Amino acid sequence: MNGPRRARFSGRAEPRVHSRTLSPTVALLAFLSVSPTVRLSALQCPDGSPPPCRAQPTAHAAPSSNSVAVLYFDNLSPDTSDAYLADGLSEEIAARLGSLQRLSVKQASREGIRRLRETAPDYRIAAGRALGVRYLVEGSLRRAGSRVRVVVRLVNGATGFRTWGETYDRAAQDLLALEEEVAREVVTSIAGQLAPSERTALAERPTTNSDAYEHFLRGNYYLAKRSANGTRWALEEYRTAAGLDPRFTRAIAREGFVYGLILTYRWALPEFPRDSILPRGVMLADRALAQDSTVSDAWLARAYMKSFQHPQTLEGVMPTLDRALALDPRNSEALQMVGFILRIQGRDSAAQAAYLRSLEVEPERAITLSALGLLRFLERRYAEASRWMDSSLRVSPEFYLAYLRRSRTRLMVGDQAGARADAQAALSLGDADSSLAQALLAMADAQRGDTTAGRARLNEVLRASADASSRSPVEEYLEEHLLPAAALVILGDRERALSLLESVRPPGARFWSGLRAPEFDPIRSDSRFQRLVEESRRSGAPK
């Protein structure tokens, strides 16, 4: 779910939202998901382009005079690894602008802008229209040794003409000051003189240590990849940042959050036993909150840890996420997690609204694009699911989970060759134990009629799982961890599939959500399967 920082819904009857049963965040997202008057207008379409989507062209109202979209800055440095600086600068400028209530701020999709540059006569005008904003902030960064050259322009989205522009030649250590200065100039050009409180908000700094801040930006860049290596690198960067500045609360909180990702994806940390990961995450979340309880990421880290401490009831998770979003409504990782919690509770439309809001804040989120694809997969809308997975992999070609999910989707439409290629791609990345990809390959074997090869492959997966004393065969109960059972269903061995599912104890909300998958449709009416669904159903989940 963590890394650096879109959607119009069809008109439907607005539901009655009972504030006593829904948290403030869920109530708001439920409203956003159905209200014909609310527009999350920066949605990336399933094919990766910005709105209006080709399948459903829509008219856009005149943009607010104080609306602005921040485009990802171009990295012009000879060293391509400096991309984290360009990305971090654009994201942090957007965050600073977003802290001012009188501005409406969006971050533009890199993929969408690239497409407009290639196809539109004036991509700036096209981008302003597509994003529904009056202004665009664009720029570039070039690093040479210890100095950076940053070019920033504020462009009128209606005319394509520059409203303000500046070139900065600064020491790399001056990034925090540069972000503040650029944000101040942009706000002044758009909305006039700043109020004292706004000057204070723009001047806030998460750390006074420039080296710690650069490590933090690098950590965000790696974290967004949602790969095993990227997450390990992110962990090291956050540790280094917190070591350089022990008062850098955001770095401490992000480190705690990373441990949640490691638990989720079952990635190995050679220096730490697996049973020490959750206590470390809890310790860091508590430390961050004790140090500064006004930091949104600290509450996010605590919410993530609570989801593992209370996997059945998810006790306290949503109220803690409410705190995170009250402090920072633009916390894209918190919005992503809200979507995840809502999905495993069966509240799909509210989950979709949370995911779309997360993309509005940070459109380059491979995990969120993939999560939207999973929602479509669970709805049996496979063509749409595949397009969201395609978008996820365009953003992060090394994101193994998107390969696994796309492989599942392709199997459901009979694309055995494509499903096999995706499973092999996930295997080649080596991000998780091979059982998930091998289970998909077993399904592909069955689909091409080679059930003997499929059974042999799956037997090896189950044998390896049974030999692993540190976990159950479907540890963590995430939807992908039920794949061996799903493969048994596809191979026609319903008895073993049900026995494997019944071995999960205790079944929690994640497990219940996994049972919704279409691979289990052939056994859905079986009384043993229905009993599993009822046992794992969380209070409030739909019948």
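For region 184-290, the set of trypsin sites (Lys or Arg not before Pro) satisfying both a DSSP loop assignment and a count of at most 13 other C-beta atoms within 10 Å is empty. One equal scatterer on each Cα of region 277-433, no solvent, Debye formula: the resulting log10 I(q)/I(0) at q = 0.12, 0.13, 0.19 Å⁻¹ is -0.58, -0.67, -1.17.
Once you divide the Cα radius of gyration of region 206-364 by 2.2 N^0.38 Å, the number left is 0.98.
An ellipsoid equivalent to region 41-203, defined through the eigenvalues of its Cα gyration tensor, has semi-axes of 26, 20, 13 Å when rounded to whole angstrom and sorted largest first. Counting only Cβ charges, +1 for Lys and Arg and -1 for Asp and Glu, the dipole size of region 148-275 around its Cα centre is about 460 debye.
Listed by Cβ neighbour count within 10 Å, with the fewest neighbours leading, Thr240, Thr313, Thr119 appear as Thr119, Thr313, Thr240. Only Cα pairs under 8 Å and 6+ residues apart enter the sum, and on that basis the relative contact order of region 206-364 stands at 15 percent.
Simple spin-label estimate for Arg494 and Phe272 gives 4.4 nm between the two label positions (7 Å along the Cα-to-Cβ direction from each Cα). Dipole orientation for region 171-318: of the candidates Ala191, Ser276, Asn209, Ser276 has the Cα lying most toward the positive pole (charges on Cβ; Lys, Arg +1; Asp, Glu -1). Which chymotrypsin sites (Phe, Trp or Tyr not before Pro) in region 92-189 sit in a loop by DSSP (not H, G, I, E or B) and have at most 12 other Cβ atoms within 10 Å of their own Cβ? Passing both the DSSP loop test and the Cβ count: Phe161. Taking every C-alpha pair closer than 8 Å and separated by at least 6 residues, the mean separation divided by the residue count of region 214-274 gives a relative contact order of 27 percent.
Every number in this text was worked out from the coordinates using simple rules, so none of it is lab data. Because the structure is a prediction, the values reported are computed rather than measured. Every residue, glycine among them, receives a Cβ derived from its backbone with ideal geometry; neighbour counts consider all protein chains shown.
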